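Let me begin by presenting the structure, written as structure tokens, before commenting on it.
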Amino acid sequence: MKATCWHGVRDVRVEQVPDPGILNPGDAIVRITSTAICGSDLHLYNGVVPGMMQGDILGHEFMGEIVEIGSSVKRLKVGDRVVVPFPIACGQCFFCEQKLFSVCENSNPNAWLAEKMWGHTTAGIFGYSHLTGGYAGGQAEYARVPFADVGPLVVPRELPDDKVLFLSDVLPTGYMAAEACDIVPGAVVAVWGCGPVGQFAIQSAYLLGAERVIAIDHYPDRLDMARTVSHAETLNFDEVDIVDALRDMTGGRGPDACIDAVGMEAHGAGIGYVYDRVKQAMRLESDRPTALRQALLSCRNAGVVSVPGVYGGFSDKIPFGAVMNRALTIRTGQCHVQRYMQPLLERVVNGELDPACIITHHLDLDEAPQGYAMFKHKQDRCIKVVLRPGH
Ligand SMILES: [Zn+2]
Ligand SMILES: [Zn+2]
């Protein structure tokens, strides 16, 4: 089959690789019909996530048709059309029983490596570094899906791929970030970052009762989408001091909740050769850690700061005094996608959410390298690229 493979910094190639097969009785094989490039894939593209190896198959946002199931799979059958959540979860461990799927204890075979870096491990994640299990990803014609009875959501035939694909990651990630904000009617929410997760965080905040959402970015196209599609007020951080502006817009008090949907190029100590690369990337992306600091300094006293943005290691100069003295609550985590897929599918069916609104480009799988380059450099108003294998 054809697959998008990682070969180093800004080097991805679509190559012929062996087809995946059933390895465990709980596996399923999916023939992929749509798969997206995610902002967090750019951390891999930029070479700042440790634990990548030449030839690793990328992609954690994908959907398609079940073409083969293992002998113990009961919930799915061949021919089902499914969206696959990006965290791989066993469904039976201490955390899965509490629906905390993104920290499943059983799905990351390389947990020991992640524990060295983070103290504890995350769940396994498709197409995302050997630190999170080294699972082959979904920017390919086929993928093996472990624990198939736990993750994939069967979706109705009548909904096009573009309306349901983002149930795999960015829609639940944005929704969970807004849900974490304890929004009450009349609340003001500020959202840093107007990429896909930011757009869905804005829309979810309104769904959950926010009266005003203020979105922050500096790419004009993204601010435009935040205004016209997601209906936020917007601030450009190249033009105004964000902390001051937010204070002015909220009667001097600050937003009730702040969402950091920017994150920071992932980094961490412990693997020496990666560390220098990371520091290099940090200089290139110097505006990024600013979002979390601004959120912590802007939020009103006793408010919530919700962080769906990806952080990988250690962050400098976090104003923890502000967190403590002003009684802030911080909520974060990789999204427990499995928990949100069915309820969000219902909101899509009801017309409350139209996830296709963020798509700016459809490309063939063969064009994945151009898709990565365009997305990285934000060319051609690129916000979300969907690849369609077999087109
Ligand atoms: Zn993603
Ligand atoms: Zn589990």
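The values are calculated or read from the model by the stated rules, or taken from the named source; none is laboratory data. Just so it is clear, the structure is predicted and the values come from calculations on it, not from any experiment. Cβ placement follows ideal geometry from the backbone for every residue including glycine, while neighbour counts extend to all protein chains displayed. Just the protein is used for accessible areas: all its heavy atoms, side chains included, with ligands, DNA and RNA removed. Shrake-Rupley method; radii C 1.70, N 1.55, O 1.52, S 1.80 Å.
Here are some notes:
- Coordinate range of the alpha-carbon atoms in the stretch 158-229 per principal axis, descending: 36, 28, 17 Å.
- The stretch 1-122: proportion of alpha-carbon pairs further apart than 17 angstrom, %: 67 percent
- Seen from a random direction on average, the alpha-carbon convex hull of the chain projects onto 17.8 square nanometres.
- Net charge dipole size for the chain [Lys, Arg +1 and Asp, Glu -1 on Cβ; Debye, nearest 20]: 540 debye
- Average projected area [Cα convex hull, the stretch 290-391], square nanometres: 9.9 nm²
- Per residue, in Å², the accessible surface of the chain once ligands and nucleic acids are set aside, probe 1.4 Å: 41 Å²
- Taking each of 163/378; 77/378; 317/376; 99/163; 116/384 in turn, the alpha-carbon distance tops 31 angstrom for 77/378; 116/384.
- For the chain, with all protein chains in place and a probe radius of 1.4 Å, 51% of the accessible heavy-atom surface sits on carbon or sulfur.
- Converting phi to 3J(HN,Hα) with the Karplus coefficients 6.51, -1.76 and 1.60 and the offset θ = phi - 60°, the stretch 215-225 yields 10, 10, 6, 9, 7, x, 5, 6, 5, 5, 5 Hz in sequence order, with x at every glycine or proline.
- Reported to the nearest whole Å, the Cα centre-to-centre distance from the stretch 74-109 to the stretch 131-187 is 11.
- Within the shell of other residues whose beta carbon sits under 15 angstrom from the beta carbon of residue 380, the net charge comes to +2, with Lys and Arg scored +1 and Asp and Glu -1.
- log₁₀ of I(q)/I(0) at q = 0.20, 0.21, 0.26, 0.29 Å⁻¹ - the stretch 1-67, Debye sum with one point per alpha carbon: -0.91, -0.98, -1.22, -1.30
- Long-range HN-HN contacts of residue 104 with modeled amide H, under 5 Å: 123
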